[in-house]
Every structure is written in structure tokens, then in C-alpha cells.
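Written out below as C-alpha cells is the structure these notes cover.
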Amino acid sequence: MLVDADGKEYIDGLAGLWNVVLGHGRRELADAAREQLETLAYASGYSGSSHVRVIELAERLTRLTYPNINRFFFTSGGAEANESAIKMARSYWKLRGRPNKTKVISRELGYHGTTLAAMSATGIAGYWPLFEPRVPGFIHIPSPYPYRAATTGGPSHGVAVANALEEAIVREGADTVAMFLAEPVIGVGGVIVPPDDYFPRIREICDRHDVLFAADEVITGFGRTGKWFALEHWGVAPDIVQFAKAITSGYVPFGGIGVSDAIARAIDEGPVPWMHAYTYSGHPVGAAVALRTLQIIEDENLVAEASRKGVNLLSVLRGHLADHPHVGEIRGKGLMCAVEFVKDRDARTPFAPEAQVGARIHAEAIARGLFSRVRGDVFVLAPPFVTPDDLVDRIGEILAAATKAVLG
Ligand SMILES: Cc1ncc(COP(=O)(O)O)c(C=O)c1O
């Protein structure tokens, strides 16, 4: 729960900013931070240095992430993780004797953070205008969006949209493309779940053209979708995985990347150190809080709980809203859900932006004690994994009441 300056309570429908998966006020996490601060408040994680807590964390992550990913580098958050992944991909190809492979292909509607390269990879144009020019060599292709897919007689939507990656690689020249960067389930862009055949096809295309596949799991990592990491849903592993947010349940800033054994080998065998690190890479307090967070997720079986509660949340939302004439789609994966509002349900026509439908529903939800976010007319929900069942029900009731207040 959140409490505002006037003492009014709200359900935290977005777990902070998708990160506070264990909920607010967990003493165990405060204890982990305090104990670490008393023992070793800071140690360098810069190139050539490490310390015990961060080594323990890396060891634990080898068990939790994809089987081919066993080497880690830590940051203070998600954008730094994406910067690190981009630089990792470029350095990998240089070390493998292919220095022209530098371009990054990412997707429209993708969100990767606001530092310059992460912003350039981000495919939501609203993040760009004040900060142009973007970094050169960043290319966007469409995202799968099953609700908005055109029905054609050709391949499935998932395969057709994945094929746009191959077209872009061929157009740019495979010898110039370092990586493909994508969120397994789009978060900020409106909780968009890909069709089941999309990521298997993406993996095939990346392999065929020697393009690294980096999964931005800053939101989806550590259980949000009902699996520890979201590409597990489709039996696919990336070459690089970026994480942040849930790894410390948002209690202290932390993030990082994991890389495949092949990439780790290239770095190990390289003639120069990997000259990329931050003062706060692998901060001991972040590592200690991350270890305690991951322990709690395991002890309380919260990955399975996120899956179970996500199913409940979708069914509560559908129970209240599936028949509403302005509800276009109710979708989700695990405890990451969205309701998309439309003007005309049959034609799937959106409301005019000036109508501010999403913003008005958001305001009505807040007035009734539910806090979250909207993207346009898509209301997104990602409550903490520990949200009690009765509050999951309450989220559905409040969103339904807010919808009726605005749209009848
Ligand atoms: C998928 C994704 N990647 C990266 C980021 C950026 O993370 P940060 O804000 O910690 O830099 C976010 C933040 O919401 C995100 O959702």
C-alpha cells in the first residue's frame, strides 16, 4: 500500500515502477542493507576488482538465469545495463575479428532507458525530441502486437513480424549488425505479449546471421511473468540478458547483465581488459540486498505466486470488464497485465488522443484508491508478487468502477 501526504491509502498497482516485487516495508531487506553497511560499505567493482558479496550474487545468478549464461557484470540500474549490453556486443565482435558489426536493431514500442544509447534503442518517439540527435546505427523494426495485427493470408503474425528482423539485417548488411535488443514482454509500451512463435523465430534469425540476441529483462526478470526469466516461456535463451528493478525489489539501485559462455570466453581471451565499469558496479549493499531479495523470492515461492495471481488478476478483470463496449483487450503474462480501451470495439478504433480517456480513467482509479500508470489508453498493472488475493480482487473492482465513471 501507498499512503499520501494526507494519509489516504492506495493499492500500489505498479509495484513502484515495476520493481518493488516484495512490497514496501520489508524489514529483512533493511537488515541486509544495514548488516552490509556495517561490514563492508564499499569496495571497488572496477575492472580487475571484486568482493565476496558480489561473487556470491553472481554464483546464485548462474543457477537462476538461462543455462548458457554464467558470467555477470553489475550496474546501478536498467539503462546502465542496456549500455553495458550494447558495448558488450560491440566488443565481442571486435574481439572475434569483425569490427564493423556495431549496429543495434531494436523495436518500436520498446523501452530501454534514458541514457543516450538506451534512449536511441528505445522505440517510443516521445523520449527523443528534446535530446536529438540519437546515436547513429540504431534501427527500429515493428513489435508484435497481436491485438493490432492485420489479418492476412500469409504467415502467422509472430513469424511475419520476426521476419522483419531478417529483412532489416539483410538490408543493413549482416556484417554491420551487432545485436538485436528486445523486451520479452513489452512493459512501458503497454504490456504487449508476443505470440508463441515469435521468439523461437527471432532466435533462428539471429543465429543464421551471427547477430547477438540481448533480452532486456529489466521488468520481466526474477519472476514477473511467472518464470524466473521470461524467454523460458518460449524455450529460447538469449546471448546477453539485462536485469535491474526486481533484483533488489527496488530497495537500492542495482542492475546488471549476464553473458553467454561464448561471450565470456571472447573477453577472457581478448588482448586488453574490458574497459567498462562504474564506480558503483557491484556495490556491496546492492549485492547484499539482491541476495536477500532472491532468497525471499525462492523461500516464499513467489515466481509461482506471480503466475497464480496473474491468472487471478486477468480473470477478475475479465469478469468485470470483458463485456464493456469500450474495452478492446484484456491481456497479460504472469503478474503483468493491461486493459486497452478503444472507441469502437469491433473496428478496434482508438479514441482521439485529445479525449484523454486513459488519463481520465487513471485519475478515477486514483480517486478510488488504486495507483498505477497508463500509456495512452492502455492501463497497465504490475502489483507486487506479495499482493494479497483480496487486493487483487479489489484492483479489478476499482478499475471497473473507474472505467464506468469515465465511459459509462
Ligand atoms: C525494459 C526496461 N529496460 C530498461 C529500463 C531502464 O531502467 P532504469 O530506469 O533503471 O535505468 C526500464 C525502466 O522502466 C525498463 O522498463
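With a cut-off of 12 Å between beta carbons, the residues surrounding V104 carry a summed charge of +3, where Lys and Arg count +1 and Asp and Glu -1. Remark: accessible surface ordering of T39, T62, T279 (largest first) is T39, T279, T62, probe radius 1.4 Å. Counting heavy atoms of the protein chains alone, I139 has an accessible area of about 20 Å² for a 1.4 Å probe.
Taking max minus min of the alpha-carbon positions on each principal axis, segment 68-174 gives extents of 44, 36, 29 Å, largest first. Annotation: the antiparallel percentage among DSSP beta bridges lying fully within the chain is about 60. Structure remark: mean-square fluctuation, Gaussian network model of the chain, C-alpha springs under 10 Å; the largest value among D377, D239, D210 belongs to D210.
Normalised by residue count, segment 137-286 yields a Cα convex hull volume of 142 Å³ per residue.
Of D261, D268, the residue with the largest accessible area leads and the full order is D268, D261 (1.4 Å probe). For L14, the residues 5 or more places off, or on other chains, whose built amide H falls under 5 Å of its own are A382.
Accessible area per residue was computed with a 1.4 Å probe on protein heavy atoms; L2 scores about 50 Å².
In the chain, a dipole from Cβ-located charges (positive for Lys and Arg, negative for Asp and Glu) runs towards its positive end, and of I257, Y145, V161 it is V161 whose Cα lies farthest in that direction. Eigenvalues of the alpha-carbon gyration tensor of segment 192-263, scaled by 5 and square-rooted, set the equivalent ellipsoid semi-axes at 23, 16, 8 angstrom, largest first. For segment 384-395, the Karplus equation 6.51 cos²θ - 1.76 cosθ + 1.60, evaluated at θ = phi - 60°, returns couplings of x, 5, 8, 4, x, 4, 5, 6, 4, 4, 5, 4 Hz by residue, with Gly and Pro reported as x. Taking only protein heavy atoms and a 1.4 Å probe, the accessible area of segment 200-336 is 50% carbon and sulfur.
Close amide H partners of V342, meaning residues 5 or more places away or on another chain with modelled amide H under 5 Å apart, are V327, G328. Taken over the alpha carbons of segment 224-311 as equal point scatterers, the Debye sum produces base-10 log I(q)/I(0) values at 0.16, 0.24 Å⁻¹ of -0.82, -1.25.
Rounded to the nearest Hz, the phi-derived 3J(HN,Hα) couplings of segment 190-206 under the Karplus curve 6.51 cos²θ - 1.76 cosθ + 1.60 (θ = phi - 60°) are x, 6, 10, 9, x, x, 4, 8, 6, 5, x, 5, 4, 4, 4, 5, 4, where x marks glycine and proline.
Computed 3J(HN,Hα) for segment 224-231, one whole-Hz value per residue from the Karplus formula 6.51 cos²θ - 1.76 cosθ + 1.60 where θ = phi - 60°, is 3, 8, x, 10, 4, 10, 6, 5, glycine and proline marked x.
On the principal axes of its alpha-carbon atoms, segment 282-392 has extents of 50, 29, 26 Å, going from largest to smallest. The calculated FRET efficiency for W128 paired with E59, based on their beta-carbon distance and R0 = 41 Å, is about 0.55. By a 1.4 Å probe calculation restricted to protein chains, V316 has an accessible surface near 30 Å², given to the nearest 10. One way to sum up the overall shape of segment 1-157 is the equivalent ellipsoid from its Cα gyration tensor, whose semi-axes run 33, 27, 17 Å, largest first. When the C-alpha to C-alpha distance is required to be over 29 Å, the pairs from K309/K404; K101/K333; K8/K343; K87/K245; K103/K343 that qualify are K101/K333; K8/K343; K103/K343. The candidates Y127, Y145, arranged from most to least accessible area with a 1.4 Å probe in the full protein assembly, appear as Y127, Y145. Compactness of the chain is given as radius of gyration and Dmax, 21.2, 66 Å, from Cα positions. Computed from the alpha carbon positions, the gyration tensor of segment 113-196 leads to an equivalent ellipsoid with semi-axes of 24, 18, 10 Å, biggest first.
Taking amide H positions as modeled 1.01 Å from N, with prolines and chain starts lacking one, the residues under 5 Å from F213 and 5 or more places away or on another chain are F180, D239, I240.
The values are calculated or read from the model by the stated rules, or taken from the named source; none is laboratory data. Owing to the predicted nature of the structure, the values given are computational and were not obtained by experimental measurement. With ideal geometry, Cβ positions are generated from the backbone for all residues, glycine too; neighbour counts draw on all protein chains shown. Accessible surface is based on the protein model in full, side chains and every heavy atom, while ligands, DNA and RNA are left aside. Shrake-Rupley method; radii C 1.70, N 1.55, O 1.52, S 1.80 Å.
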